[in-house]
C-alpha cells in the first residue's frame, strides 16, 4: 500500500506532541510557557488585569512595563487575540496584592527567581480594617452642622484666592439662559467648632462656557494666588484683581487639566497634559504628562524648560504635592479606562526628566473614578486623600463612601486609613460635595456640603471622627 506523504508528516507531528491534545504546546510563545509560582514581569504598558480570562471580563486595573507579578495558574486554552497567540494567566501583582487575569503575550519569566517567602506585599500597611473603632462600612456618629450658603447648585472649590489668609468657599455658576459664569467667594465668620455665618466677599463675572472644574493654587512658592478653570479641551489661568474685583487672564493651554508645584524644591512648575492622537484599543483617551518651570511677570505667565514623561497615560485627575516631606513635589495621576478609574501613577523629577515611581491600583465600586483627590497634610503627615468608596469592600454595593488616606513609602503607595461618611447608595451622594479647607491642620481638614434642592442652598457640615 502506498503511503501518503501528508499522512506520514501528520503522524510524526502527533507523535512529537504526545497525541494527548497538547499540540498547542508546540506553539512558540514570546515569553515561554509560565508555571504556577513563577516570578514574571510585564512587558508592555497599560496591560489590563481582568476579573477573568477573556476580553469581556471587567478590568480591575492597568499595569506598565516592568511590573512584577507572581503566576497563580494558567488557563488551559491557548487563544489568539489580534494575531497574538498565548494563554491567559491568573496573576498576583507583587506590590499591591491585586489578583486577576492577564494575557500571557505581555508577560515573561524573570531570569533569576527571587525567594518567595512573601510573594505578595499587601497594599494596606495596617491590619484590616484600617480603623476598627470606626466600624468600616458604617456611618460616622454625626456630621457637625456649620451653617449654610444660599447658592444654586454650582461647581465648587475652596482656596485663598483673595490672599487674606482665610480660605474661601468658591462657587462657579451660570446665569439662567446666559453663557456668562459667575465666580462667588464666601468666607466664614465665627469660631471653629461652632455654627458659622458665611459672607460673600467677591462676585466676579467670568466669560466663557463648558467649564467642568475649578481649582485655586497658592503657597509660598507663588507670588500670588491663581485660579484655574478647566474645560474639556482647555484650561485658563487667572489671578484675582482685588482693586477692580475682577479676574485677570494670565495663560491658556489646550490641556483639560493643570496642576502646580515645585518638583525640585526650588523652582515652581506647571504640570499639564498633551493629548495622544492615537486612542487606546477600547477608545480610552491618553495624554503625555508635561512639566515646565514658569515665571509670573506683569500679569502674564510664561513657561520654560519643558520636560515630559515618555509614555502616554489615561489621566482622569491630576494632583501635585510633596508626599514624602523632602520639599520636592510628586505628580499624582488617577488613571483608568474610558468609563473607569481607580488606578494611581506617581511621577517624580529625576536626572532624565519625569520618571514613574509608583503604579498602583485602588479598588473602587464598579471601577468608578475617585470623586475627589487631594494632596494635603493630616496631623503633620503628608497624605494623598481620596473621596471614594472603601477599597476593602469595593465590589460590594453596600460599601461605605468616605475619605481614604494613603501615604507614599519608598516606591509603594500604602492605604493608611479609611474614614466612612455614609453608605455608597445613600441619596446624599447625589447632592454631596467634599472640600478641603485646611483649618489648623485638624485630623481631616475637610467639609462636607449637602445641597438642598428645595431651599436652593448648601448645608455645610464637618465630619466628626472618633
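Key figures for this structure:
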quantity: Any hit, the range 303-312, residues being more than 29 Å from residue 42 (Cβ to Cβ), in a strand (DSSP E or B), touching a residue at least 24 places away in the same chain (Cβ under 8 Å) and in contact with a strand residue (DSSP E or B) (Cβ under 7 Å, 6 or more places away or on another chain); calculated: yes
quantity: The range 342-358, residues that are within 9 Å of the chain's Cα centre (by Cα) and either over 17 Å from residue 405 (Cα atoms) or outside any loop (DSSP other than H, G, I, E, B) (or both); calculated: 343, 344, 345
quantity: Test result for residue 361, at pLDDT below 90 and either crowded, with 20+ Cβ neighbours inside 10 Å or within 28 Å of residue 63 (Cα to Cα) (or both); calculated: yes
quantity: Options 205, 187: the member that is closer than 14 Å to residue 437 by Cα, assigned by TED's automatic domain parsing to the domain that holds residue 240, over 29 Å from the mean Cα position of the chain (by Cα) and at pLDDT 85 or above; calculated: 187
quantity: Failed item in (1) more than 28 Å from residue 159 (Cα to Cα); (2) at pLDDT 85 or above, with residue 402 passing the rest; calculated: (1)
quantity: Residue identified as part of a loop (DSSP other than H, G, I, E, B), within 13 Å of residue 92 (Cβ to Cβ) and at pLDDT 85 or above among 36, 73; calculated: 36
quantity: Test: residue in the range 425-437 that is in contact with a helix residue (DSSP H, G or I) (Cβ under 7 Å, 6 or more places away or on another chain) and in the same structural domain as residue 330 (by TED's automatic domain parsing); calculated: no
quantity: Selected residue (only one of 252, 266, 274 is assigned to a loop (DSSP other than H, G, I, E, B) and either free of Cβ contacts under 8 Å to residues at least 24 places away in the same chain or more than 19 Å from residue 298 (Cβ to Cβ) (or both)); calculated: 266
quantity: Residue match in the range 373-396 (condition: in contact with a strand residue (DSSP E or B) (Cβ under 7 Å, 6 or more places away or on another chain), surrounded by 16 or more Cβ atoms within 10 Å (Cβ to Cβ) and over 25 Å from residue 444 (Cα atoms)); calculated: no
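The values are calculated or read from the model by the stated rules, or taken from the named source; none is laboratory data. These numbers were taken from a predicted model, which means no experiment stands behind them. Heads up, the Cβs are rebuilt from the backbone with ideal geometry, glycines too, and the neighbour counts pull from every protein chain shown.
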